[in-house]
Amino acid sequence: MKIFAGTDGLNIPDLFYSASRRIILNGAVYGPFAKSERHQAGLDTALNKPEFQRFDIIAIEPELNFSWKESFLGALRFGISRQATEEEIKISHTFLTDLEKKYPDKIRIHPARNLPCTPVIVVDDTICFGQYAHAEPHAPEGFWGMVEADVEKLIEWTKSGRPPSSSTKKEIAAFRLINECARSMNLSGS
């Protein structure tokens with residue numbers, strides 16, 4: 001496992017360029033991706049590969065209003081006005097729906113119906129994860145981890161809701177991140 005101070009060290013655009021099978025984004029709001037040509041080019045490269053199978057995005061939608069939404073957005077964009085945050089949600093939503101229209105067979109957008117616990121980016125078997133906090137600077141400037149794991153196996157484990165008793169500590173820790181995503185995508189058996 002590697003730890004980075006900020007997302008720059010993760011080099012997310014290059015991760016997207018290298019994706020060959022799957023991407024999962026569980027970050028709630030993707031305004032920064034919408035404003036980045038490198039992120040967009042990386043996603044286009046991945047999505048245009050014939051072998052690329054699936055891109056799942058868990059996102060807050062502008063019209064959905066859950067009891068946790070306001071307090072979560074207060075942490076996600078701490079110190080930014082509610083109006084500016086709502087505008088970023090709209091930019092994110094437009095970016096995602098435009099991307100979905102461009103690649104309808106490969107993209108699935110899942111509305112965030114549960115309180116997001118941690119931002120997670122999955123590219124093939126690479127899992128990147130950060131943390132939300134009631135703080136400035138925001139999540140992209142916090143600590144981020146990167147770990148390699150058998151993501152397809154971990155997704156299969158979500159059907160039972162838990163890893164097998166023979167799992168290693170690393171597998172269990174990675175499963176928690178994938179299970180968080182899978183539950184938001186309604187892939188789990190529970």
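The values are calculated or read from the model by the stated rules, or taken from the named source; none is laboratory data. Source: prediction; values computed, not measured. Note that we place each Cβ from the backbone using ideal geometry, even for glycine, and neighbour counts take in every protein chain shown. SASA here: full protein model, heavy atoms, side chains in, ligands and nucleic acids out. Shrake-Rupley method; radii C 1.70, N 1.55, O 1.52, S 1.80 Å.
List of remarks:
- Apart from one condition, His93 fits all of (1) more than 16 Å from the chain's Cα centre (by Cα); (2) crowded, with 17+ Cβ neighbours inside 10 Å; the exception is (1).
- Residues that are open to solvent by 50 Å² or more (accessible area, probe 1.4 Å), closer than 16 Å to Trp144 by Cβ and out of contact with any strand residue (DSSP E or B) (no Cβ under 8 Å at 6 or more places or on another chain) within segment 1-36 comprise Asp8, Asn11, Asp14, Pro32, listed in sequence order.
- Of the residues making up segment 71-86, just one is at pLDDT 80 or above, of a type in the set (D, E, K, R) and assigned to a helix (DSSP H, G or I), namely Glu86.
- Answer residue from segment 101-118, given it is more than 9 Å from Ser184 (Cβ to Cβ) and charged (D, E, K, R) and is least open to solvent (accessible area, probe 1.4 Å) among those: Lys106
- Apart from one condition, Ser71 fits all of (1) under 16 Å from the mean Cα position of the chain (by Cα); (2) surrounded by fewer than 15 Cβ atoms within 10 Å (Cβ to Cβ); (3) over 17 Å from Ala46 (Cα atoms); the exception is (1).
- The set of residues in segment 52-72 being closer than 19 Å to Thr94 by Cβ and in contact (Cβ under 8 Å) with a residue 24 or more places away in the chain consists of Phe55, Asp56, Ile57, Ile58, Ala59, Ile60, Glu61, Pro62, Leu64.
- Of everything listed in (1) within 27 Å of Asp8 (Cα to Cα); (2) modelled with pLDDT under 95, the single unmet condition for Thr158 is (1).
- Exactly one residue out of Ala135, Ala139 is under 16 Å from the mean Cα position of the chain (by Cα), open to solvent by less than 50 Å² (accessible area, probe 1.4 Å) and farther than 19 Å from Arg22 by Cα, and it is Ala139.
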